[in-house]
Amino acid sequence: MIKHIPFIHVFKTCGGHYFFDVNRNSILRISKPVYDYLKSKLEGLPDCGTDLNQEDVETLTQLISEGFLSDKKVSEIANPINDYIEYHTCNRLSMLCLQTTQQCNFRCSYCLYSDNYTNRKHSDRKMSIETAKKGIDFLVNHSSDSHRLYIAFYGGEPLLELDFIKHCVEYAEEICEGKELVFSMTTNGSLLNEKVVRYLQEHNFQIMVSLDGPKDIHDSNRKFINNKGTFDKVINNLKMIKNKFPEYYSGIAINAVIDTRNDLESINNFFMNDDNVKDVYLNHSFISDFYTDNRVTGQESFYTFRKYEVFKAFLSKINRCDKKHVSPFANSDLFFLTECIHKQLKMTDNLLEKAHPGGPCSAVERLFMNVDGDFYPCERVSEISETMRIGNVDSGFDIDKILKLINIGRLTEEECKQCWAFRYCNLCAASVDTLSDLSAEKKLALCKSVRETIEGAFIDYCTLKECGADFDNGEVLKNTTDCRWSLYE
């Protein structure tokens with residue numbers, strides 16, 4: 001029998017018993033007696049294993065012989081790109097997000113630049129052409145290994161500075177010769193007239209328009225400076241684009257920020273049925289908890305409706321519900337199971353001696369430059385955080401700061417080494433930022449919810465596999481004993 005405590009996590013579905021092997025990065029289906037035995041081992045119970053029959057013992061023996069149920073843990077928390085970060089920052093940049101202006105013609109209650117968040121506030125400051133050119137030069141000079149470059153325009157509201165954007169586009173197209181160049185913009189949609197849209201189309205801009213749902217819900221959070229609602233202006237502009245620029249319209253994306261205090265059913269019905277938006281790609285997020293003490297407590301009806309829609313999405317995965325009835329707000333759950341669970345379950349021999357929990361990015365994948373030319377990991381972090389300022393267009397990157405951000409596991413090194421969710425942790429540095437430093441206390445406070453999320457995803461994934469879901473081809477399988485996830489039954 002097993003003398004050590006294996007580095008695994010046990011869980012069960014309505015139809016089976018499983019364990020996730022942290023070292024092998026694999027989920028295995030097991031019998032209930034083996035499950036009970038492993039669960040007892042993890043709980044430190046002394047008299048476990050007495051209910052195992054000969055077949056169960058043979059199963060455990062075979063598992064151990066094939067390298068499963070090891071107690072090995074990483075020796076040192078270290079991001080695998082640590083040794084290559086200087087090369088990466090010098091040669092592999094691919095995106096630069098320019099803060100066109102800090103001015104906005106909207107005043108949204110959940111905006112990161114509102115009084116509800118610890119961040120800089122709206123102002124009339126804007127980026128100079130000289131600073132923008134330096135930023136574009138910096139991107140080009142640090143991207144020798146990247147064949148495609150992305151330049152994004154962010155605000156405030158970027159279209160308040162259309163002439164600035166045109167100068168940047170002209171300059172970028174001139175100096176980026178030989179590389180594929182992609183422009184993008186996040187806009188509140190209020191300034192999208194025919195002239196603007198024609199320009200955006202001519203230069204192949206990918207645009208994301210902010211729209212939160214039907215008029216009453218959208219206008220409750222997204223208002224003009226004079227406190228009037230913005231829905232009518234935005235929706236009329238989308239109608240114009242659909243009628244006069246139909247080909248360009250087909251490539252537009254909508255970003256909806258969801259307030260869990262609102263009626264999700266009304267929001268869902270709007271995006272599924274309104275002729276102006278039902279065929280547009282929808283991205284959604286929830287009101288951010290970063291950099292604020294104001295936690296949003298949603299309505300129970302919101303979560304009940306969402307769970308029902310997720311259930312329908314899961315049914316569609318096994319062809320028990322037509323996909324046309326699936327809410328766009330539930331597709332993200334299937335996407336998570338496919339991209340973050342299924343595709344990540346690649347069997348390994350063991351954990352490396354040096355490794356890092358899965359959360360932090362490289363800190364330069366979505367490089368954000370504010371109006372002063374200061375660099376930040378992305379547009380979602382606080383601009384008044386000294387921790388998040390990772391350099392400047394004139395002085396370059398502060399490599400020590402970048403290394404600190406991409407190694408947040410070192411804040412809680414011993415806890416991370418012992419955590420079964422090590423490979424699937426999604427905590428980023430912004431979630432533990434205190435503006436002056438990174439907080440181990442804040443990080444530990446989030447660990448339980450991360451583990452619950454990962455366990456829930458494992459359960460959903462295995463339940464769908466039991467029902468025949470094929471995450472590789474989108475088909476329904478009759479035989480659900482796929483050896484990659486069900487090595488032992």
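The values are calculated or read from the model by the stated rules, or taken from the named source; none is laboratory data. It should be emphasised that the depicted structure is a prediction, and the values quoted were computed from it without experimental measurement. In this analysis, Cβ positions are derived from the backbone assuming ideal geometry, glycine residues included, and neighbour counts consider all displayed protein chains.
Here are a few things to note about the model shown:
- All conditions in (1) buried (at least 19 other Cβ atoms within 10 Å of the Cβ); (2) modelled with pLDDT under 95 hold for ALA313, with the sole exception of (2).
- Evaluated against (1) over 17 Å from the mean Cα position of the chain (by Cα); (2) in a loop (DSSP other than H, G, I, E, B); (3) among the acidic types (Asp, Glu); (4) farther than 24 Å from TYR87 by Cβ, ASP394 falls short on exactly one condition, (4).
- Here ALA469 meets the list (1) modelled with pLDDT of 95 or more; (2) surrounded by 20 or more Cβ atoms within 10 Å (Cβ to Cβ) almost entirely, failing just condition (1).
- Of the set (1) within 23 Å of LEU162 (Cβ to Cβ); (2) within 24 Å of the chain's Cα centre (by Cα), all apply to PHE271 but (1).
- Applying a threshold of 8 Å to beta carbon distances and a minimum spacing of six or more residues, or different chains, the list of pairs starting in segment 295-319 at a residue that is outside any helix (DSSP H, G or I) and ending at one that is surrounded by fewer than 19 Cβ atoms within 10 Å (Cβ to Cβ) and of a type in the set (Gly, Ala, Ser) reads ILE318/GLY468.
- Enumeration of residues in segment 137-156 that are within 25 Å of GLU383 (Cα to Cα) and surrounded by fewer than 21 Cβ atoms within 10 Å (Cβ to Cβ): ASP137, VAL140, ASN141, SER143, LEU149, TYR150, TYR154
- When we screen GLU66, GLU58 for residues that are farther than 22 Å from CYS462 by Cβ, modelled with pLDDT of 90 or more, of a type in the set (D, E, K, R) and surrounded by fewer than 12 Cβ atoms within 10 Å (Cβ to Cβ), the only hit is GLU58.
- Close pairs (7 angstrom Cβ cut-off, 6 or more residues apart or separate chains): free of Cβ contacts under 8 Å to residues at least 40 places away in the same chain in segment 418-433, surrounded by fewer than 19 Cβ atoms within 10 Å (Cβ to Cβ) and in a loop (DSSP other than H, G, I, E, B) anywhere: VAL432/SER439
- Of the residues making up segment 169-182, those that are at pLDDT 95 or above and either over 19 Å from GLU379 (Cα atoms) or of a type in the set (Phe, Trp, Tyr) (or both) are VAL169, GLU170, TYR171, ALA172, GLU173, GLU174, ILE175, GLU180, LEU181.
- Filtered residues of segment 437-457 (kept if touching a residue at least 40 places away in the same chain (Cβ under 8 Å) and closer than 24 Å to GLU414 by Cβ): ASP437, LEU438, GLU455
- Residues that are buried (at least 19 other Cβ atoms within 10 Å of the Cβ) and either free of Cβ contacts under 8 Å to residues at least 40 places away in the same chain or under 30 Å from ILE64 (Cβ atoms) (or both) within segment 320-340 comprise VAL326, ALA330, LEU334, LEU337, listed in sequence order.
- Just one of the numbered conditions (1) closer than 28 Å to SER382 by Cα; (2) in contact with a strand residue (DSSP E or B) (Cβ under 8 Å, 6 or more places away or on another chain) is not true of HIS203: (1).
- Selection count, segment 106-124, where residues are in contact with a Gly (Cβ under 9 Å, 6 or more places away or on another chain) and surrounded by fewer than 17 Cβ atoms within 10 Å (Cβ to Cβ): 1
- Residue match in segment 80-101 (condition: over 30 Å from ASP145 (Cβ atoms), touching a residue at least 40 places away in the same chain (Cβ under 8 Å) and in contact with a Ser or Thr (Cβ under 8 Å, 6 or more places away or on another chain)): no
- No other residue among LEU69, LEU60 is within 30 Å of GLY409 (Cα to Cα) and either touching a residue at least 12 places away in the same chain (Cβ under 8 Å) or out of contact with any Pro (no Cβ under 9 Å at 6 or more places or on another chain) (or both) apart from LEU69.
- Taking the criterion of being surrounded by fewer than 22 Cβ atoms within 10 Å (Cβ to Cβ), in contact with a helix residue (DSSP H, G or I) (Cβ under 9 Å, 6 or more places away or on another chain), more than 16 Å from LEU438 (Cα to Cα) and not polar (S, T, N, Q), the residues of segment 351-379 that qualify are LEU351, LYS354, ALA355, GLY358, VAL371, ASP372, GLY373, CYS378.
- Single residue of segment 75-105 satisfying the filter (within 30 Å of ASN294 (Cβ to Cβ) and in contact with a Phe, Trp or Tyr (Cβ under 6 Å, 6 or more places away or on another chain)) that is surrounded by the fewest Cβ atoms within 10 Å (Cβ to Cβ): CYS97
- Residue list for segment 36-55, restricted to those being hydroxyl-bearing (Ser, Thr, Tyr) and surrounded by fewer than 19 Cβ atoms within 10 Å (Cβ to Cβ): SER40, THR50
- LYS72 vs. criteria within 22 Å of HIS203 (Cβ to Cβ), surrounded by fewer than 20 Cβ atoms within 10 Å (Cβ to Cβ) and among the basic types (Lys, Arg): no
- Tallying residues that are of a type outside the set (Asp, Glu) and in a helix (DSSP H, G or I) within segment 36-89 yields 21.
- Check on MET272, at pLDDT 95 or above, in contact with a Lys or Arg (Cβ under 7 Å, 6 or more places away or on another chain), closer than 25 Å to SER332 by Cα and surrounded by fewer than 19 Cβ atoms within 10 Å (Cβ to Cβ): yes
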